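Here the structure comes first, spelled out in structure tokens, and everything after it is commentary.
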Amino acid sequence: MPRNSVKVYIDPKLLKDSLSSGGNGASVARLMSASAQDHIKTKQDDLVKNLMEHPVSKEISDGSTASNISGTLSGYGNLFSFLGFDNGSDPVAVIEGILSKKLRHKVKPRGRGSFLITVFIPEAKEIFADTPMPWASGLSWAEGVEKGVSNAAAYLFNPKGFPDSKSGTGLQSQNKVSGVSFKRTPYITNLIQQFKKDLLKS
């Protein structure tokens, strides 16, 4: 099975009812596919909800004057200004868009009235590729949240703003000035792993 796919559970009652009503293999497969799509959409809606309710997402979405509710910066400043996003931008919207796309799935008969349903889902690395760090090409801010981001100790935050700040409230000094350390936080990888588990539930 490909790394970006998962087998899902579909209520066997649907299959039983279809067979008892005289459905042929093709019609049963269509019913199973429709049921799978409904199941996938429900779980996918939960995934997007979990993304938007995650402290990292909420903090970044709140912009340059947000509180550090994720705890990644020990309560100092916020991720939006620390990561250097342009004031007024919406970085989380990119991830929301990827996770909201309709997912492809396929239904394969396995004999004796059973079917294998495979769902092709986004991988964390796909999201990392589409979430570049504003100040460092080749790095992902979403991956950095999980694995760590350097220069936290050189991060300066001023809720009233800095004239030369892209984000409006954050700057990176040439020296270690704040003493802040960055705390790695489970984010995209965990959300996708949970999504895989949820797909297996009825």
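When only residues in segment 67-102 that are of a type in the set (D, E, K, R) and within 18 Å of the chain's Cα centre (by Cα) count, which is farthest from Gln172 (Cα to Cα)?
Step one: of segment 67-102, the residues of a type in the set (D, E, K, R) are 86, 90, 96, 101-102.
Okay, now just the ones that are also within 18 Å of the chain's Cα centre (by Cα), so 90, 96, 101-102.
Working: Asp90: 21, Glu96: 28, Lys101: 36, Lys102: 39 Å.
Checking each candidate, the answer is Lys102.
Condition first: free of Cβ contacts under 8 Å to residues at least 40 places away in the same chain, touching a strand residue (DSSP E or B) at 6+ places or on another chain (Cβ under 9 Å) and either in a loop (DSSP other than H, G, I, E, B) or more than 20 Å from Ser150 (Cα to Cα) (or both). Can you find one or more residues in segment 81-104 that meet it?
Yes, that holds for at least one residue.
Mind listing just one residue for me: the one in segment 106-154 that is at pLDDT 95 or above and aromatic (Phe, Trp, Tyr) and, of those, nearest to the chain's Cα centre (by Cα)?
The selected residue is Phe128.
Has segment 173-188 got at least one residue that is assigned to a loop (DSSP other than H, G, I, E, B), more than 17 Å from Val56 (Cα to Cα), in contact with a strand residue (DSSP E or B) (Cβ under 8 Å, 6 or more places away or on another chain) and among the hydroxyl-bearing types (Ser, Thr, Tyr)? Don't jump to the end; show me each part of the working.
If we filter segment 173-188 for residues that are assigned to a loop (DSSP other than H, G, I, E, B), which is where we start, we get 173-187.
This time we only want the ones that are more than 17 Å from Val56 (Cα to Cα), so: 173-180.
If we keep only those that are in contact with a strand residue (DSSP E or B) (Cβ under 8 Å, 6 or more places away or on another chain) too, we end up with 173, 177-178, 180.
Pick out the ones that are also among the hydroxyl-bearing types (Ser, Thr, Tyr) and you get 173, 178.
Checking segment 173-188: at least one residue is assigned to a loop (DSSP other than H, G, I, E, B), more than 17 Å from Val56 (Cα to Cα), in contact with a strand residue (DSSP E or B) (Cβ under 8 Å, 6 or more places away or on another chain) and among the hydroxyl-bearing types (Ser, Thr, Tyr).
Looking only at segment 117-157, filter to residues that are assigned to a strand (DSSP E or B) and not aliphatic (A, V, I, L, M); which one of those is surrounded by the most Cβ atoms within 10 Å (Cβ to Cβ)? Step through it out loud before you land on a result.
Of all residues in segment 117-157, those assigned to a strand (DSSP E or B) come to 117-120, 132-133, 136-140, 155-157.
Checking which are not aliphatic (A, V, I, L, M) leaves us with 118, 120, 132, 137-138, 140, 155, 157.
Values: Thr118: 16, Phe120: 13, Pro132: 16, Ser137: 7, Gly138: 6, Ser140: 20, Tyr155: 24, Phe157: 21.
If we take residues in segment 117-157 being assigned to a strand (DSSP E or B) and not aliphatic (A, V, I, L, M), then Tyr155 is surrounded by the most Cβ atoms within 10 Å (Cβ to Cβ).
Answer with yes or no whether Phe195 is touching a residue at least 60 places away in the same chain (Cβ under 8 Å) and not in a loop (DSSP other than H, G, I, E, B).
Working: touching a residue at least 60 places away in the same chain (Cβ under 8 Å): yes; not in a loop (DSSP other than H, G, I, E, B): yes.
Taking the combined requirement at face value, the residue satisfies it.
Which residue, of Val94, Val119, is touching a helix residue (DSSP H, G or I) at 6+ places or on another chain (Cβ under 7 Å), among the β-branched types (Val, Ile, Thr) and within 30 Å of His39 (Cβ to Cβ)?
On the way: Val94 fails: touching a helix residue (DSSP H, G or I) at 6+ places or on another chain (Cβ under 7 Å).
Exactly one residue qualifies, and that residue is Val119.
For the subset of segment 34-66 comprising residues that are surrounded by 14 or more Cβ atoms within 10 Å (Cβ to Cβ) and small (Gly, Ala, Ser), which member is farthest from Gly170 (Cα to Cα)?
That would be Ser35.
Report yes if Pro122 is in contact (Cβ under 8 Å) with a residue 40 or more places away in the chain and out of contact with any strand residue (DSSP E or B) (no Cβ under 8 Å at 6 or more places or on another chain), otherwise no.
Working: in contact (Cβ under 8 Å) with a residue 40 or more places away in the chain: yes; out of contact with any strand residue (DSSP E or B) (no Cβ under 8 Å at 6 or more places or on another chain): yes.
Considered against the rule, which asks whether it is in contact (Cβ under 8 Å) with a residue 40 or more places away in the chain and out of contact with any strand residue (DSSP E or B) (no Cβ under 8 Å at 6 or more places or on another chain), Pro122 comes out as yes.
If you scan segment 158-172, which residues turn out to be surrounded by fewer than 18 Cβ atoms within 10 Å (Cβ to Cβ) and part of a loop (DSSP other than H, G, I, E, B)?
Asn158, Pro159, Lys160, Gly161, Phe162, Pro163, Asp164, Lys166 - these are the residues of segment 158-172 that are surrounded by fewer than 18 Cβ atoms within 10 Å (Cβ to Cβ) and part of a loop (DSSP other than H, G, I, E, B).
If you go through segment 70-111, how many residues are within 23 Å of Lys183 (Cα to Cα) and of a type in the set (D, E, K, R)?
Count: 2.
The values are calculated or read from the model by the stated rules, or taken from the named source; none is laboratory data. Everything quoted here is computed from the prediction, not taken from an experiment. Using ideal geometry, Cβ is built from the backbone for each residue, glycine included, and neighbour counts are taken over all protein chains shown.
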